[in-house]
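Derivation of every value follows stated rules applied to the coordinates shown; laboratory data play no part. Just so it is clear, the model here is predicted, and its values are computed rather than measured. Note: ideal-geometry Cβ built from the backbone for every residue, glycine included; neighbour counts use all protein chains shown.
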Amino acid sequence: MKQIVIDPVTRVEGHAKITILIDDSGHVSDARFHVTEFRGFEKFCEGRPFREMPGITARICGICPVSHLLASSKAGDKILAVSIPPAAIKLRRLMNLGQIVQSHALSFFHLSAPDLILGMDSDPSKRNVFGLIKADPELARKGIRLRQFGQEIIEHLGGKKIHPAWSIPGGVRNGLSEESKKQIIDKIPEAKQTAKLALELFKKLLPNFQREIQIFGNFPSLFMGMVGEDGLWEHYDGKIRFVDSMGNIIADELDPANYKEYIGEAVESWSYLKFPYYLPMGYPEGIYRVGPLARLNVCEKMGTPEADKELLEFKEIANGDRAVSSSFYYHWARLIEIIASLERIEELLSDPDISSKKLRANAGVNSIVGTAASEAPRGTLFHDYQVDENGLIQKVNLIIATGQNNIAMNRTIEQIARHFIHLHGTKIPEGMLNRVEAGIRAYDPCLSCSTHAFGKMPLEITLVDKNGNVIDKKSR
Amino acid sequence: MSSPLEKKILIIGYGNTLRGDDGIGQIIAEKIEKLNFKDIDILALHQLTPDIAGKIIEYKVVFFIDASQNTELNEVQVLSLEPSESSPKIEHAMSPEDILKLAEELYNFYPKSFCVLVPARNFSFSENLSDLTKSMIQPAIKIITEKIKNFN
């Protein structure tokens, strides 16, 4: 048995390494996406007042603080057992849409576009955003501005800090000023233009990536996401739906609060990241994917004109009735979600409710359990709290989007490695390394969220035989 | 080389405030904000992301305040910054040098920049600072405010 180790994976938030196990006949027998940082965040929260949880959990991650802020506030709403004012719901939605725009823009323009525009086999020292700037400086600048637009929405609502404790159990602290509203509205046309430009560019580039479409997580699995009424794309508050690869709805109208009835969490000794699965099918057969690809697979319509047109075209990949199975299409789904988010932001800003001064419902602890979910850019995020009668946290469980894609990421690596090892033997071909990294990046994993890690390191790849002897090594 | 918008000074404190001393950059930035200096903007961030390149070009001078990962450092260190020499890989979190490089490549401009490194020891889950890092707050503020005077 030989091992190929890729340590760490670059352009992925957090800290991880990959081991590919080769059997004595030279075939890939397994692939493991190790996450090596210990997760201790849930323990850290015990004993804290539940009202502090949105502010605390938002500080887990610098990329998707809003996701934690909202899921935590919603869990807090459940502990108060209140219905929050309509304006507060709409403002929370607005912030979540800003978050989706900024996070997807970072993923597409700065992390994945170098692979897509410069090509997977281009010089690794140039296959980064600086290479992208040389190839298309205007696109790179537009990408920066699109991310800024999403960030600014968050700042208009929550203040300058990236971790605003603005959304709280019972509602939100502040409304949106008329001046802020105008500033956001004025920038929507440019943001839409950039999103459409990126989408058209992506579609034009697709013929260059037929091999990647085939080997980047192209396998049957379930897909999970929230949907609204009539199967509408939902990002803040809906029911959970699972579909299979044939497009069949296998579970629907599931209450996020009852997630333990349909999500199991398996543990493997070689990773601190858990392996969530669809409970009725068992582990690992219950593999499911979350995030943009899953949300587009589970929904029937986006609910806005431009995004609906794009969804129809997207679904044609799988003849309009089956699920789109290749994880390479996460990129496409992300761009459609940016367009949908921009259209929904525009709608929300013209809604008179959003200017209401009634923003908060006040109550004490009326339930000792609060479980809720929202859609983070990377997928469904669950926050589950138990409190005592004084509202002090007794137990916390967070089910993070990246963790829910864990089985799929491992299978993706295995699929890519099988393809290359079959062609090239047990040496590490540069093309395999590039594609394993790009295959993982398609999921845009956030390991800060999933393990609460931090830090970054240079890339090193080692080929090790069954006795631990290094037989090949590559570093960048 | 001059900043196109002529704003004066930006102070960026960054780090994870749930990771003990790692959050010291944010804490110092917020304390400086309370001093209400004229012509100084403050950003308290979890991490540096590519869009910060679009922000720093509005300023003549930028200070990046961070916890040092050199566990042998015992006093506040101020370093002059230049853009990264090689093309760094973009990750969700970038270094100040990477941000300067990105600004230079995208906008043909980067401001005069300094990195203020604060001694740090504890990066585990905690909202408390180590005694050493706590004792460095006032010295760091003093050093930064002295530097600021040179640019006002």
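Positive contributions from Lys and Arg (+1) and negative ones from Asp and Glu (-1), summed over other residues with Cβ under 13 Å from the Cβ of B:THR71, come out at -2. Note: relative contact order over chain B, using C-alpha pairs below 8 Å and six or more positions apart, is 31 percent. Only Cα sites of chain B enter the Debye sum here, all with the same form factor; the resulting log10 I(q)/I(0) across q = 0.12, 0.15 1/Å is -0.47, -0.73, listed in q order. Applied to region A:241-255, the Karplus parametrisation 6.51 cos²θ - 1.76 cosθ + 1.60 on θ = phi - 60° returns per-residue 3J(HN,Hα) values of 10, 10, 10, 9, 5, 7, x, 6, 7, 9, 7, 8, 6, 7, 7 Hz, with x for Gly and Pro. When the alpha carbon gyration tensor of region A:311-386 is reduced to an equivalent ellipsoid, the three semi-axes, largest first, read 34, 22, 9 Å. Please list log₁₀ I(q)/I(0) at q = 0.11, 0.21, 0.24 Å⁻¹ for region B:62-152, using the Debye equation with identical point scatterers on the alpha-carbon positions. Values, matching the q order: -0.38, -1.07, -1.18.
Mean separation of Cα pairs under 8 Å and 6 or more residues apart, divided by the residue count, gives region A:347-403 a relative contact order of 25 percent. With point charges of +1 on the Cβ of Lys and Arg and -1 on the Cβ of Asp and Glu, referenced to the Cα centre of chain B, which listed residue (B:ALA29, B:ALA103, B:LEU45) lies farthest in the positive direction of the dipole? The listed residue farthest towards the positive side: B:ALA29.
About its Cα centre, chain B has a charge dipole of approximately 500 debye under the convention of +1 per Lys or Arg Cβ and -1 per Asp or Glu Cβ, with nothing else charged. Assuming charge only on the beta carbon of Lys and Arg (+1) and of Asp and Glu (-1), the dipole of chain A about its Cα centre is about 1220 debye to the nearest 20. Reducing region A:338-373 and region A:31-91 to their Cα centroids gives an inter-centroid distance of 16 Å. Bridge orientation summary for the protein assembly as shown: considering DSSP beta bridges with both residues in this region, about 70 percent are antiparallel. Calculate for the protein assembly as shown the 222 nm mean residue ellipticity that helices alone would give, adding -39,500 (n - 2.57) per DSSP H run of length 4 or more and normalising by residue count, nearest 500 deg cm²/dmol. My calculation for the protein assembly as shown gives -12000 deg cm²/dmol from helical runs alone. Projecting the Cα atoms of A:PHE219, A:ALA195, A:GLY170 onto the charge dipole of region A:117-250, computed from C-beta unit charges around the Cα centre, puts A:ALA195 farthest toward the positive end.
Counting only other chain Cβ atoms within 10 Å of each residue's Cβ, the peptide B:134-145 averages 0.
Note on region A:274-406: the C-alpha convex hull projects to 11.1 nm² when averaged across all orientations. Selection among A:ILE63, A:MET281, A:THR19 by position relative to the dipole of chain A gives A:ILE63 as farthest towards the positive end (Cβ unit charges, Cα centre).
Loop-located trypsin sites (Lys or Arg not before Pro) across region A:377-415 with a Cβ neighbour count of 10 or fewer within 10 Å are lacking, with loop assigned by DSSP. For chain A, the equivalent ellipsoid derived from the Cα gyration tensor has semi-axes of 35, 26, 21 Å, listed largest first. Helix A:178-205: angle to the longest alpha-carbon principal axis of chain A, degrees 0 to 90, nearest 10? The angle comes out near 20 degrees. Counts of other chain beta carbons within 10 angstrom of each beta carbon in peptide B:41-53 average 6. Taking every residue in A:121-134 and counting other chain Cβ atoms within 10 Å of its Cβ, the average works out to 3. Annotation: region A:255-316 has a Kirkwood hydrodynamic radius of 13.9 angstrom, from the mean reciprocal C-alpha pair distance. Remark: relative contact order (chain A) = 27 percent; criterion is Cα-Cα distance under 8 angstrom and separation of 6 or more residues. Region A:175-197 and region B:20-89 have Cα centres separated by 28 Å. Prolate is the label for region A:148-207. Its Cα gyration tensor axes, ordered a ≥ b ≥ c, give a/c of at least 1.5 and a/b above b/c. Across the cross-link table entries A:LYS181/B:LYS31; A:LYS203/A:LYS315; B:LYS60/B:LYS142; B:LYS55/B:LYS149, which are compared at the Cα atoms, the separations over 19 Å belong to A:LYS181/B:LYS31; B:LYS60/B:LYS142; B:LYS55/B:LYS149. Each residue of region A:76-84 is assigned a 3J(HN,Hα), and the resulting list reads x, 4, 5, 5, 6, 6, 10, 9, 8 Hz, derived from the Karplus form 6.51 cos²θ - 1.76 cosθ + 1.60 (θ = phi - 60°), x at Gly and Pro. Convex hull volume of the C-alpha atoms in region A:346-426, normalised per residue: 150 Å³.
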